[in-house]
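As structure tokens, the structure follows; a few thoughts come after it.
The values are calculated or read from the model by the stated rules, or taken from the named source; none is laboratory data. Everything numeric here is computed off the predicted structure, so don't read it as measured data. Virtual Cβ from ideal backbone geometry, glycine too; neighbours counted across all protein chains shown. Just so you know, the surface numbers come from the protein's heavy atoms only, side chains and all, with ligands and any DNA or RNA stripped out. Shrake-Rupley method; radii C 1.70, N 1.55, O 1.52, S 1.80 Å.
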Amino acid sequence: MTITTDATPKTHPFEADVARLLQLMVHSVYSDKDVFLRELISNATDACEKLRYEALSDAALLGDGGATRITVTLDAEARRLTVEDNGIGMGEAELGEALGTIARSGTRAFMERVANAKDAEGSHLIGQFGVGFYSAFMVADQIEVLSRRAGADTAALWSSDGLGAYSIQPVDVAEAPARGTRVVLHLKADATSYTESHTVERTIKSQSGHVPVPIFLKDGPDADPRQIADGAALWTKPKAAITREEYTDFYRSVAGQFDAPAMTLHYRAEGLHEYSVLAFVPETKPFDLFEPDRMGRMKLYVRRVFITDEAQILPRYLRFVRGLVDSDDLPLNMSREMIQDSPILAAIQKGVANRLLADLDKLAGGEAERYLGIWDNFGAVLKEGLYEDYARRETLLGLARFRTTTASGEWRSLKDYAGSLKENQTAIYYATGGDLDRLASSPQLEGFRARGVEVLLLTDQVDSFWVTAGLDYEGKPFKSVMQGLSDLGQIPLLEGQAPPATASAAVEGFIGFVKSTLGQAVADVRVSERLTESAVCLVAPEHGMDRQMEKLLASAGRLGAQSKPILEINPRHELIAKLSGLDEADTSLREDAAHLLFDEARIADGEQPADPRGFSARLARVIGRAVR
Ligand code: ADP
């Protein structure tokens, strides 16, 4: 592009994150370079949609620029590919802001992942994540972006070789598009296939064939444009006329993801409110799923006009769903803020969430494997709904799947759990912790195993919250195996299990000694019903927080004082019997043992000994005595 301008270009360094991203892009061995086209067309589409929206309240913005469209021009001789739109455009300041920084929080999360990844893995990550405009540097060694904001009488040129800096300068409007943006890629020597008409046409049709803006292709700078995509929104077509590939391509363009949908929801609601929904559950987890400001990504259209992607169409715990809703009833001239409060939107929100959960439920029944894949990725998010969405908790409990203590280790539903309740079992038992394997071998589970009582193994952070929300399933409350008394006495033992021993006077005496030795460190020391093999374990007092929850809050700095645990002792354990039989005069060994038992219980819970130096000294003394 030769541009006439009097101004000297101002050069700016890229923000550090962009520089790193570019570095990655340029050196990427990622083979699917085609994605840059999808990213540029997606930006062009957004720009056209923004213009259509702003023109609703200011028709003058359209000027005489005609209907929105995207034009891709190939120039084999000059080794150039140009993507031009007549959308909203960018002013000089906007250009620097948009193409010098990284705004999306998702991109930051992505960069962090990449920074921690090995080289090969890093390039693979690009494949899972839309990285936008900068991906064009995979195929170009020089990019110019010439833009004119709709309605403005100035234009500006952004230009960069992607190596660390970009420059911006004002240009004569006569050089610029009447409105919108022209992105010119000077292709690298190994990227000349992007000047071949059939390659580009095929790529665009398959990646972006269903964006709601028509796309034209010019085979040469002077060739006539021919339309290669009609701009008819996919969601307005009947389901039967859409292939799975078309859904996948559309999903990728609307979600900015590179995977395939694990579930597609496409329907039209009729009756009081009429709207179309095309929504997808992704196959893989987005990187920013747990970022505090991660919002939903459902777009809202009104009669084919894009309005906003900030309307929070779905509740937060469905924030992994991507797609759109196109309403027939919302007024087009309503501000985004007013739409947010509109009763029509409220009805849509309710309808879409209900339908989505119903479809997930159907999938769980019909295609269990596929559903479990979704649960594996997003179960931890869906569970937030258990305490956030009281009205739908039954549905959500029905959708929930758990790892439990069953021998097979498979995912279990609460229905499965309820089907294998033991005689006199009055609660649904659970254990919370950070790590599944460690949790499965917790001493607190022993008494439950001995009775064949299944225990849910909850390892997501969110679990500590919903279990305290007072929920029940079929009248059975949720109860921690690590808290309060175990009430296992009523449930018969499996055959071959020795009945629990009652503590002898000697054991009672020893327990009293341990209690006075540990003093303020514990809330109580008592005989355990839940232990069969281990000597000791810790539990939380009946009322208050589960120990896992306390740990979570403490690590987040949101807990003042941690409550004291209860040390439970297994009177049947050989060690306990022996310790109880020690001569009372042997105070130093008895004291060492009391502290070591407490530390043993802490370690079994994945914690550190209370006083590591004291712990080693005591352990050394006790071992020393044993080898004497
Ligand atoms: P994303 O599109 O995900 O925000 P990009 O890096 O692709 O990330 O683009 C950054 C920003 O640049 C966009 O959000 C948009 O504001 C602006 N932009 C890019 N291309 C265009 C375009 N063709 N027209 C108008 N604005 C654009």
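With K and R counted +1 and D and E -1, the other residues having a Cβ less than 12 Å from that of Val26 yield a net charge of +1.
About its Cα centre, region 10-229 has a charge dipole of approximately 460 debye under the convention of +1 per Lys or Arg Cβ and -1 per Asp or Glu Cβ, with nothing else charged.
Packing, as the average of other Cβ atoms within 10 Å across residues, places the peptides 9-15, 619-625, 312-318, 437-443 in the order 312-318, 437-443, 9-15, 619-625, highest first. Solvent-accessible area per residue for the chain at a 1.4 Å probe radius, Å²? Accessible area per residue, the chain: 45 Å².
On a per residue basis, the convex hull of the C-alpha atoms belonging to region 10-229 measures out at 119 Å³. Full extension of the chain between Asp190 and Ala620 gives 148.0 nm of extra length, using 0.36 nm per residue less the Cα-Cα distance. Computed over the chain, the Cα gyration tensor eigenvalues convert (square root of 5λ each) into semi-axes of 62, 29, 20 Å, ordered from largest to smallest. In percent, how large is the relative contact order of region 10-229, given Cα pairs closer than 8 Å and 6 or more residues apart? Reported as a whole number, the value is 31 percent.
Ordering Gln23, Ala368, Ile491 by the projection of their Cα atoms onto the charge dipole of the chain, which places +1 on the Cβ of Lys and Arg and -1 on the Cβ of Asp and Glu, puts Ile491 at the extreme positive end. Only the Cβ atoms of Lys and Arg (+1) and of Asp and Glu (-1) were treated as charged; on that basis the dipole of region 235-370 about its Cα centre amounts to roughly 100 debye. A helix-only calculation puts the chain at -10500 deg cm²/dmol for mean residue ellipticity at 222 nm, using -39500 (n - 2.57) for each DSSP H run of at least four residues, averaged over all residues. With R₀ set to 56 Å, the beta-carbon distance separating Ile603 from Ala347 gives a calculated FRET efficiency near 0.55. Solvent-accessible surface of protein heavy atoms, probed at 1.4 angstrom with all chains present, puts His210, His573 in the order His573, His210, largest first. Placing unit charges on the Cβ atoms of the charged side chains and taking the dipole of region 162-224 about its Cα centre, the candidate lying farthest along the positive direction among Val184, Gly162, Gly220 is Gly162.
Across all C-alpha atoms in region 353-403, the radius of gyration and Dmax reach 10.2, 28 Å. Between Asp222 and Asp328, the distance separating the two model label sites (each 7 Å from Cα on the Cα→Cβ line) works out to 5.0 nm. Ranked by the mean number of other Cβ atoms within 10 Å per residue, highest first, peptides 81-93, 227-239 order as 81-93, 227-239. Modelled this way, with points 7 Å down the Cα-to-C-beta line, the labels at Asp141 and Ala59 are 5.1 nm from one another.
Between Tyr390 and Gln23, what's the calculated FRET efficiency when r is the beta-carbon distance and R0 is 56 Å? Round to 0.05. Computed FRET efficiency for Tyr390 and Gln23: 0.70.
Note: relative contact order over the chain, using C-alpha pairs below 8 Å and six or more positions apart, is 9 percent.
DSSP finds beta bridges in the chain, and of those with both partners inside it, around 75 percent are antiparallel. The label point for Ala561 and the one for Asp583, both projected 7 Å from the Cα toward the Cβ, are 4.1 nm apart.
Summing charges over all other residues whose Cβ lies under 10 Å from the Cβ of Leu300, with Lys and Arg as +1 and Asp and Glu as -1, gives -1.
Any idea which of Gly447, Ile242, Val281 is furthest toward the positive side of the dipole for the chain, if Lys and Arg beta-carbons carry +1 and Asp and Glu beta-carbons -1? About the Cα centre, the residue reaching furthest to the positive side is Gly447.
In the assembled protein chains, His198 presents an accessible area of approximately 120 Å² (probe radius 1.4 Å). The Kirkwood hydrodynamic radius of region 468-565, based on inverse pair distances between different Cα atoms, is 15.9 Å.
Sorting the segments 426-435, 333-342, 388-397 by their residues' average number of neighbouring beta-carbon atoms within 10 angstrom, most packed first, yields 426-435, 388-397, 333-342.
Each Lys and Arg adds +1 at its Cβ and each Asp and Glu adds -1 at its Cβ; summed about the Cα centre, the chain shows a dipole of about 1020 debye.
Taking the three principal axes of the alpha carbon atoms in region 504-628, the coordinate ranges are 47, 31, 25 Å, sorted in descending order.
One chain, two ends: Glu367 and Leu421. Fully extended at 0.36 nm per residue, the span grows by 16.8 nm beyond their Cα-Cα distance.
For Cα pairs less than 8 Å apart in space and 6+ apart in sequence, what is the mean separation divided by the residue count of region 214-293, i.e. the relative contact order in percent? Over region 214-293, the number comes to 19 percent.
Each principal axis of region 235-370 carries a Cα extent, and these read 43, 38, 27 Å when sorted largest first. Pairing the Cα long axis of helix 612-627 with the longest principal axis of the chain, what angle in degrees results, from 0 to 90 and rounded to the nearest 10? Taking the Cα atoms of the chain, the angle to 612-627 is about 40 degrees.
The Cα trace of region 323-374 gives Rg and Dmax of 15.3, 45 Å, the first to one decimal, the second as a whole number. Which loop-located trypsin sites (Lys or Arg not before Pro) does region 548-586 contain, where loop means any DSSP state but H, G, I, E or B and the Cβ has at most 10 other Cβ atoms within 10 Å? Here the sparse-neighbourhood loop sites are Arg558. A Förster radius of 41 Å combined with the Cβ-Cβ distance from Leu289 to Glu495 puts the calculated FRET efficiency at roughly 0.35. Subtracting the Cα-Cα distance of Glu274 and Ala178 from their residue separation scaled by 0.36 nm leaves 30.9 nm. First compute the accessible area of the chain with a 1.4 Å probe, then give the percent of it belonging to carbon and sulfur atoms. C and S fraction of accessible area: 50 percent.
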